[in-house]
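We did not get these values from a lab; they are worked out from the coordinates using the rules stated. The shown structure was predicted, so the numbers you read here are calculated from the model rather than taken from an experiment. Note that each Cβ is placed from the backbone with ideal geometry, even for glycine, and that neighbours are counted across all protein chains shown.
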Amino acid sequence: MLELGMALFSGVTGALVVASLPKATERLRRAVVLLFSVTGMVFSWRVAIKIFNGGNIGIIAQLGGLTWSLDPDPLGAMFGLIASTLWVFAAIYSFGYMERKTRPQTYYAFFLISLSATLGVAFSGNLLALYFFYELLTLATYPLVIHERSADAVKAGRKYIIYSLSGAAAILIAIVLTYIWSGKIDFASGPILVNTMRPGLNLLLALFVGGFGVKAALMPLHRWLPAAMVAPTPISALLHAVAVVYSGVYGILRVVYSVFGRELMGTLSLARKLPWVAAFTILVGVIIATQQDVLKRRLAYHTISQLSYILLGAFTLQPWGLGGAILHMISYSTLKVTLFFCAGIIAERADETAVSRMQGVGWSLPKTMIAFGVASLGMVGMLPLNTFWSKYYLMRGGVQSGQWSLALVLIGSGIINAICFLPTVVASFQGEKAKSSGETGGNTMLMLGPTLCLAGIALLIGLYPGIVWPGVEAVVNRFF
Amino acid sequence: MGKYLRLAFILILALLTGYGVLVTVAELPPYGADTNLTYNQVSERYINGALEDTGVPNMVTAIVLDYRAYDTMFETIVLFTAVIAVLITLKGAQEEGDRK
Amino acid sequence: MKILLGKVLINYPYFAAVILFAIGSATVLTRSNLFKKLIGINIMESAIFLMFIAAGSRRDGVVPILHMDDSLRPYINPLPSALMLTGIVVSVSVTAFALALIVRLYRFYGTTDAKRMSDIRNGVAKE
Amino acid sequence: MTAVIKTHLPVFVVAAPLFVSFLLSPMARRFGWVQSLVVGVQGLGLLLAVYLAGMILKSSGVPIIYSMGGWPAPWGIELWTGSLGAFFLLVVAGVTLPISLYAVNNLSDEVGDATRSTRFFVLYLLLAGVLAGMALTNDLFNIFVLVEVATISCCGLVSARRGPNAAKAAFNYLILATLGSGLILGGIGLVYMITGNLNMGFAGIALNGVWQDYPHVVWMAMSFFLVGFGVKAALFPLHVWLPDAHSTAPTPASAILSGLAVKGYIICLVKILFGVFEVHLLDVFRLDQILVLLGMLAILAGSILALAQGELKRRLAFSTVAQVGYIVLGFGLMNIKGVAGTLFYLASHAVIKSTLFLAAGALISATGKTHVKDFAGVGRKMPITMGVFSIASLGLVGIPLFSGFVGKWYLLLGSLEVGNLTAAGVIGIGSVLCAIYLFPIIRTAYFEPAPEDDWQDPGVPQRLALVMLGIAVIGLGVLPGPLLQLAQKAAADLLIIP
């Protein structure tokens, strides 16, 4: 109860404190941001541990004539844990990144509100609360997308709002349909529609997947994501590679396992097509990524592709697939944040955003490029890294569901991933040493520290996957 | 072309409305008949009970000033409203000037 | 069709009201002179008054004022007449207000024609 | 004693503002405090409305019937304070109070000197009283007279604004509204001819017996009412007068016109449709489907037209066209959730749109600019105004925990319960379009650098009014309880479900 409240409100409280601080107190502001991010993280860890041990925390409130409930289950706790942990890293990285940027106050305030909104999505116990926090997340991240205030940023923000709100409208209609058909909207008592056999379920599934698919960047609903890359790098890293897009992915996982339930899903004709939508997104996303020259855009398309790994695992409706999906949620997020952080450092320090002109950057920014290289290897799915395990389980899930070709898609995508990133890493260590301000200087440690730390965590999980296994197991046991 | 199309549209609309109105007129209770539905308990009482109820031999007066005096109150309010509206329209709005 | 027309003929006051209503509303919608619009409104309202009064009428009916000598002849229905008194007052009020608005518009634009007013507003009017 | 007060309360609620409006002009010559008298009488009205609504709610919808002049129902005129009446009365009183508070000592720019301001308040009070009358009346011809007073006072409020544009808008409004009145009166005439009653309950009973003999007359009467009230309520293809009138009117007048007057006509239409023709006939003549269709059309067209407007007040005015679509659509759903939702939506839109117009007026008078792109940086300079504007926008878009969401939720429930997925989709699209036309204003206000001008929030009463409305938007969203219950009772009454 207390943990849940503390985790949820630390972000909003922090935002209020930041907003009320005087403008010129940069150090104090950083301390506040760090304090509240860490509070959020600590309490979501405590919530998660309690939930994984079979505990139960729930708050139910009657507001607006409707029932709202916060009642995290292992899946939600896992999502909250991933998001809040990465938030702390992003916060520290932001301190370095925002050093010479304008409007830090707005930035940090909305950064913290987004933390609350994301945790709200994670901890929501019924569809209404999920919808509310999902909308709130859209609104809270909008100012971050348009932080640069350039014409491009405003345009991207507009696109983001239109896509997200359209998706939310579809979700709302789907929620109302669910409520009318089954009379309940809470996740706690097993799948909502479990005993509902009626025509129109395919349509309902399409509405849900279409709605959450916007944020999960399921093709062809992905177009806002590359546009939103105009945001500051920590935001791209955290929100558009992890938190916001995960809220969409999380929504789809919820729909599949808590609204429809896997038995019902197995009988729907649309559900059999969904893995192929995900497979299509995986391949096309990564192929488009190889053709992008701007590093951040390449990473964006790559994100689109990787998110569908998780969805693919979920759509197989097999324990191995779901386990792989959860594991991929953990491992992919660490690596992708690392990649984005590296991209930010390269853009800041070497003033370079194009992949084709990266020769020699590796010599001037060796630590960054090593981290980048490690993360790239992870994206391919090499053994000492955590994504190896998640891909392995995803493939097992695909095979288990009797669809061999899904495993082939994953292997093929791994190869294209290699084409996508490894040449860049190799090229960066060739040629002359590029002009750069190097990896020293006031804010570098603040940026480099979290980056290396995350790469280290990825390696650690790769070597000892047992440390995250209890969580994954708890989630899988919840639904199987 | 667009003009003719618009004209045709208006014509069709007018014809349809006209036909509808014609049918409606034909369907209304026949004019002046004693069997009309308006001769029910309501008008009965106005006709036969007005003197007793209100002491006025003129039934229209009885209705206006007694049975439905609430309407008459609003009738005066309509007049009052119109007076105020005329005043607010004309008085004090002159300073916008004569453009001529 | 014949029966229809016959019935329409029986109900000729209503038919007249309908035609007046059509004339009135057509005037309102097609004329650009503000006075003509206003007159159209008045025609239209008269049409409805006519319809109401006709609805209250009765063959061989007499005015609804109680008279002692002759109670054989029926009185007409007094209610529509009473209602239309109110209706007429409403119509007068609307007319008065509309005239006031026309006066104000005339003071500014020097015309009572809606088309010329919008021309003047758009700045393309030529004397 | 309490019984006497209880029976006479409805009359008092209607008569009090009218009475004060008569006194206002002569009193204004002597005393300087008449404007606070207006606020006072509105405050009293709100208290009484809350009391009445509480009473109706406690007695679970048993109406308070008052026969005017002591003449019982088919002969005299009835005031029928049922759940619907109490509901709308509450809405009227709740919205007119902050608007009048906003108007106090704030009219000199838009309206003129003290005399003109007083006359403005006279018209304002007349409109308020007449709207209360609309909520309670149960007589067809009385509705016509009330509608006429409302029309003339609305046009008067528009023409109170200085400048020729206002006069032109008021004239167009007056002419078209009178055309609508003519149709309404014609409809009343047709109903009277085939039922012989003007009291809505009796007319309904009589109509139930005879409608099969006069199907065309019933159909014609329905369409007369629909078009007549449609013109006045700015139902989509008949909305042509609204944007000019609502955008040129003085700010408080825009607020009450868009927020309440339009709804008054809708309530009258609903009373006639559901009270005289009743659900059964509406069903037979397929009016439910027509209403849903018209509503969807209005939502889409209104929102798209609003998008095209560059002027702030015009954009808000077109948004009203779209929102009227939601309300009409909800009534067409003909189930308890849809109708209750649409009633709640009506209330929440009354609050939200008044808030938006008042805030927009404050912005325009502080900055002297009217285009939506001109308000860069206003959010920091006028925090209260822009904050309330943002809250209201979020409410209109339908973010959860703001009042618009509750209404939309029930509208969606209602439309999906009858299996109308298209309507649900249009409601969703409408919300997105609403976000597209409102959010850019908020973005420029908060996220763009402000010019050096010295812009400020309006004076204390105005700020108080804005804050009251802002709290109402959130309050209705978080705790809609009693109002929603009342709306549900009203819906049950309308649909004749015990």
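Helix A:319-345 and the long axis of chain A differ in direction by around 30°, with both axes built from C-alpha atoms.
When the pairs A:101/A:296; B:3/D:373; D:58/D:271; A:50/A:367 are compared against a 27 Å limit on Cα-Cα distance, B:3/D:373; A:50/A:367 fall above it.
Using only the alpha carbons of region A:158-269, what is the convex hull's orientation-averaged projected area in square nanometres?
Its Cα hull, projected and averaged over all orientations, spans 7.2 nm².
Between C:105, A:39, D:418, the Cα set farthest toward the positive side of the dipole of the protein assembly as shown (charges on each charged residue's Cβ, about the Cα centre) is that of A:39.
Principal axis extents of the Cα atoms in region A:318-480, from largest to smallest and rounded to whole angstrom, are 54, 30, 21. Taking Cα atoms only, the orientation of helix C:78-109 departs from the longest principal axis of chain C by about 10 degrees. The angle between the Cα long axis of helix D:83-103 and the longest principal axis of the Cα atoms of chain D comes to about 20 degrees, rounded to the nearest 10. Highest-first packing order for the peptide set D:425-432, D:209-216 is D:425-432, D:209-216, based on the mean count of other beta carbon atoms within 10 Å.
How do the peptides A:446-456, D:138-148 rank, highest first, by the average count of neighbouring beta carbon atoms within 10 Å per residue? Walk me through the numbers on the way to the answer.
Values: A:446-456: 21.4, D:138-148: 25.9.
For the peptides A:446-456, D:138-148, the packing ranking is D:138-148, A:446-456.
Mean projected area of the convex hull spanned by the Cα atoms of chain C, taken over all viewing directions: 11.8 nm².
Determine the calculated [θ] at 222 nm for chain B from helices alone, applying -39500 (n - 2.57) to every DSSP H run no shorter than 4 residues and normalising by the residue count; nearest 500 deg cm²/dmol.
Working: 4 runs with 66 residues, N = 100.
Calculated from helices alone, the mean residue ellipticity at 222 nm is -22000 deg cm²/dmol.
Amide H contacts for residue A:63 (H built 1.01 Å from N in the peptide plane; partners 5 or more residues away or on another chain; cut-off under 5 Å): A:68.
Pairwise over distinct Cα atoms, reciprocal of the mean inverse distance: report the Kirkwood radius of chain D in Å, one decimal place. Present the calculation step by step, with values, prior to reporting the outcome.
Values: mean 1/r = 0.0447 Å⁻¹.
Every distinct Cα pair counted, the radius reaches 22.4 Å.
Using a/c under 1.5 as the rounded threshold, could you call region B:36-93 rounded, prolate or oblate? The axes a ≥ b ≥ c are square roots of the C-alpha gyration tensor eigenvalues, and prolate needs a/b larger than b/c, oblate otherwise.
Working: a/c = 5.26, a/b = 2.90, b/c = 1.81.
Prolate.
Computed from backbone phi, the HN-Hα couplings of region D:349-360 come to 5, 4, 5, 5, 5, 4, 4, 4, 5, 5, 5, 4 Hz, rounded to whole numbers (Karplus: 6.51 cos²θ - 1.76 cosθ + 1.60, θ = phi - 60°; Gly and Pro given as x).
Each Lys and Arg Cβ is given +1 and each Asp and Glu Cβ -1; about its Cα centre, the protein assembly as shown then shows a dipole of about 2780 debye. Quick one: grab the alpha carbon gyration tensor of the protein assembly as shown, order the square roots of its eigenvalues as a ≥ b ≥ c, and give me rounded if a/c is under 1.5, else prolate or oblate depending on whether a/b is larger than b/c. The shape class here is prolate. Extent of region D:1-62 along its three principal axes (Cα atoms, max minus min coordinate, largest first): 46, 17, 17 Å.
In whole Å and largest first, what semi-axes does the C-alpha gyration tensor of region D:301-498 yield when each eigenvalue is scaled by 5 and square-rooted? Mind dumping the intermediate values first?
Numbers: eigenvalues 210, 64, 27 Å².
Working from the Cα gyration tensor, I get semi-axes of 32, 18, 12 Å.
The phi torsions of region D:208-218, fed into the Karplus equation with coefficients 6.51, -1.76 and 1.60 and a -60° offset, translate into couplings of 4, x, 10, 4, 5, 7, 10, x, 5, 5, 4 Hz, rounded to whole numbers, with Gly and Pro shown as x.
In peptide C:41-53, how many Cβ atoms from other protein chains are near each Cβ within 10 Å, on average? Kindly include the intermediate steps, with their values, before the conclusion.
Values: counts 7, 1, 1, 7, 5, 1, 3, 9, 2, 0, 7, 7, 1.
Averaged over the peptide's residues, the number is 4.
When a/c is below 1.5 the answer is rounded, else prolate if a/b is larger than b/c, else oblate, so apply that to region D:126-192 with a ≥ b ≥ c taken from the square roots of the Cα gyration tensor eigenvalues. Oblate.
What does the structure give for D:7-19 when I average, per residue, the other chain Cβ atoms found within 10 Å of the residue Cβ?
Details: counts 0, 0, 0, 0, 1, 0, 0, 2, 1, 0, 0, 4, 0.
Per-residue shielding by partner chains comes out at 1.
Pairs over the 23 Å Cα-Cα cut-off, from the set A:215/A:336; D:6/D:232; A:23/D:381; D:6/D:408; C:37/D:168: D:6/D:232; D:6/D:408.
Region A:354-368 and region A:258-298 have their alpha-carbon centroids 32 Å apart. Taken over region A:261-319, the percentage of Cα pairs per 5 Å bin, counting from 0 up to the bin with the maximum distance, is 4, 21, 23, 17, 13, 9, 7, 4, 1.
Counting only other chain Cβ atoms within 10 Å of each residue's Cβ, the peptide D:402-412 averages 3.
In chain A the Cα-Cα distances spread across 10 Å bins starting at 0 as 4, 22, 33, 27, 11, 2, 0 percent of all pairs.
For region D:259-267, 3J(HN,Hα) computed residue by residue from phi via the Karplus equation (6.51, -1.76, 1.60; θ = phi - 60°) reads x, 10, 4, 4, 5, x, 5, 5, 4 Hz, glycine and proline entered as x.
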